[in-house]
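S.K.: Attaching a single structure in structure tokens format; questions to follow.
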């Protein structure tokens, strides 16, 4: 039985705890918030037998196989270091840190301690993501020329998103998905070639429109993200010999493979009877830990590093 | 019976001639190319009883209710003036002219002669376009916040598209549709706020990624067009209270209305048993002519003027 701890008990932590319940060999055994009352309330709702703590320092003293870090964006770095220095394997919510310097420091620390670190890029662990990449690898759409994707929610009035000191802005929460999609297909060494953002009064971006290109400039990924409206969240991957439509790039509902004439060749649909993306990323972490590895294949450190460098670059272009 | 003439006998002219056959009260009675042999060949294929001419000057001497101008992009201006000065009503293929000065001159001449001029923006005449605008006017998706659209074909090796002296580039042929979609919804006085284009050796753009905003910056239309790949051609209109998906913005196949939770509320599908967009734009012209009007409601001069000014602006930003 893998013992999972959760640090930071907001909405997403609840979804994770519920998802883990469906894994027979995993259990949430400890949860921590900065408020003990909140931790007790969380355990009552999501994981009755779990130990509850009112500080993260207490949590990291426990015997755990993996700590899931679901604190606010600007806390990921410090919380990850706290857990790693106590010898823990960590699954860190997106955005992994506030910038690439923090990111590098977390990985340095993980190397020193020999623990696993994984960014919770749940889409990478979903079967439809693997199917989509398989189609591309098999040449079913030819050479990829264009990727377009968008991700938007009507969450303009969420404080953590509007506050620059909390790692706010549309990009850190949403752009990480659109950029990760592009990197999954085109590789990690992309160039940011255009970026247009609109800001709110606090200075953070409310939306961003940007293009990324591979090194030889043969492919472009054009994306937009926004905290101002619920967009369709679609992705489109256009190749020389066909295309793929992704319905909801943030929680793939469906992927459709079309030939050059627009006829449907294959289609895959999300199977909600199977473990969801949260459960799958936790399973991938414990599988890697059992194999004595410090990274997952699905979301290696190089990807997290590339994503965070791209965030630095795009922020400088906004 | 309305007598229609066609000037310029490439592929699109053939599609138009075939489309007009399905209108019982319209007939193609004269066609002209710069080569008489080509005109005769065209008539044999598409309109057996039509008079054939090897020059446009001969065509404009005929008695016609409307001349459809389907010559190459850089010839539209001169050909339109030739027809208008001979007293003809004209339906001019997109792009209407090479720039806004040419456009203004054509309209000045049309005022002087009292003839109808219409840009052949066929999408504006399609029933699905009107349905989509109706949904928005009725408030079914709330206030429009984002529009995204793309239009791309694998036509990189078509000479007229790569040759700058022939009005080449992705934008004049394709961007006119994505910009027209934005103007149809957000109004004609849009601001171009970002533009990123990639060029081929001849200097024309092979693709363009751009954003347009309305005057108060409350709405953004993000588009890309390309001559390098067959994109999905989708449009998405995201409002505060729902969204619309358009399948193929260049020849609407389907429009789907979703509520805020992503549930389908209404759906309309193209009816191929009805007259197509080519026939509908010709009918709209002859209806306006019969009413003594110089413009159609669906594609007024203000729209053509705004589109051409936007082309000037975007070209200057590329």
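S.K.: Label the stretch B:64-201 by shape, choosing from rounded, prolate and oblate, from the square roots a ≥ b ≥ c of the eigenvalues of the Cα gyration tensor; if a/c is under 1.5 it is rounded, and otherwise prolate applies when a/b is larger than b/c, oblate when it is not.
M.R.: oblate
S.K.: Another question, then. How big is the protein assembly as shown by the Kirkwood estimate over distinct Cα pairs, in Å?
M.R.: After inverting the mean inverse Cα-Cα distance, the result is 26.8 Å.
S.K.: Semi-axes of the stretch B:127-269's equivalent ellipsoid from the Cα gyration tensor, sqrt of 5 times each eigenvalue, largest first, rounded to whole Å? It would help to have the intermediate numbers written out before the result.
M.R.: Details: eigenvalues 170, 54, 25 Å².
Three semi-axes, in Å: 29, 16, 11.
S.K.: Which values of log₁₀ I(q)/I(0), to two decimal places, follow from the Debye formula for the stretch B:5-101 at q = 0.10, 0.11, 0.18 Å⁻¹ with a uniform point scatterer at every Cα?
M.R.: -0.22, -0.27, -0.74
S.K.: Nearest-5 percent of antiparallel DSSP beta bridges in the stretch B:127-269? Present the calculation step by step, with values, prior to reporting the outcome.
M.R.: Working: 37 of 44 bridges.
Percentage antiparallel, nearest 5: 85.
S.K.: So for B:48, A:27, fewest C-beta neighbours within 10 Å to most, what's the order?
M.R.: Values: B:48 8, A:27 18.
Lowest to highest Cβ neighbour count: B:48, A:27.
S.K.: Distances from residue B:156 to the same residue in each other copy, label points 7 Å out along Cα→Cβ, in nm, shortest first?
M.R.: Those label-point separations list as 4.0 nm.
S.K.: Roughly speaking, what is the centre-to-centre gap between the stretch A:257-301 and the stretch B:120-168 when only Cα atoms are used, to the nearest Å?
M.R.: 36 Å
S.K.: Under the convention of a label 7 Å out along Cα→Cβ, give the distances in nm from residue B:312 to the same position in every other copy, shortest first.
M.R.: 4.5
S.K.: With just the Cα atoms defining each centre, how far is the stretch B:96-110 from the stretch A:1-49? Give it in Å.
M.R.: Taking the Cα centre of the stretch A:1-49 as reference, the centre of the stretch B:96-110 is 68 Å away.
S.K.: Give me B:217, B:287 sorted ascending by neighbouring Cβ count inside 10 Å, so fewest comes first. All intermediate terms of the calculation are to be shown ahead of the outcome.
M.R.: Details: B:217 10, B:287 13.
In order of increasing Cβ crowding within 10 Å: B:217, B:287.
S.K.: Would you please calculate the Kirkwood hydrodynamic radius of the stretch A:109-154 over all C-alpha pairs and express it in Å, rounded to one decimal? Kindly include the intermediate steps, with their values, before the conclusion.
M.R.: Details: mean 1/r = 0.0715 Å⁻¹.
The Cα-based Kirkwood calculation yields 14.0 Å.
S.K.: Can I ask one more? Once the label point is set 7 Å along the Cα-to-beta-carbon vector, what list of distances in nm do you get between residue A:260 and its counterparts in the other copies?
M.R.: For residue A:260, the other copies' label points sit at 4.5 nm, shortest first.
S.K.: I want the antiparallel fraction of DSSP beta bridges within the protein assembly as shown, as a percent rounded to 5.
M.R.: In the protein assembly as shown, approximately 60 percent of DSSP beta bridges are antiparallel ones.
S.K.: Continuing with this model, one more query. Could you put B:261, B:298 in order, starting from the residue whose Cβ has the fewest other Cβ atoms within 10 Å? Please list the in-between numbers first.
M.R.: On the way: B:261 7, B:298 21.
With the fewest neighbours first, B:261, B:298 line up as B:261, B:298.
S.K.: So for chain A, considering every pair of alpha-carbon atoms, how many percent are separated by more than 31 Å? Before the final figure, lay out each step's value.
M.R.: On the way: 15304 of 50403 pairs.
Here the long-distance tail beyond 31 Å is 30 percent of all Cα pairs in chain A.
S.K.: Taking only DSSP H segments of four or more residues, each worth -39500 (n - 2.57), what value at 222 nm results for chain A once the sum is divided by all its residues, to the nearest 500 deg cm²/dmol? Spell out each step's value before the answer.
M.R.: Values: 10 runs with 106 residues, N = 318.
Result for chain A, helices only: -10000 deg cm²/dmol.
S.K.: Taking only Cα atoms, what is the 0 to 90° angle, nearest 10, from helix A:100-113's long axis to the longest principal axis of chain A?
M.R.: That works out to roughly 50 degrees.
S.K.: Report for chain A the percent antiparallel among DSSP-assigned beta bridges with both residues inside it, nearest 5.
M.R.: Details: 37 of 63 bridges.
Antiparallel bridges: around 60 percent, rounded to the nearest 5.
Every number in this text was worked out from the coordinates using simple rules, so none of it is lab data. None of these values were measured; they are calculated from a predicted model. Note that we place each Cβ from the backbone using ideal geometry, even for glycine, and neighbour counts take in every protein chain shown.
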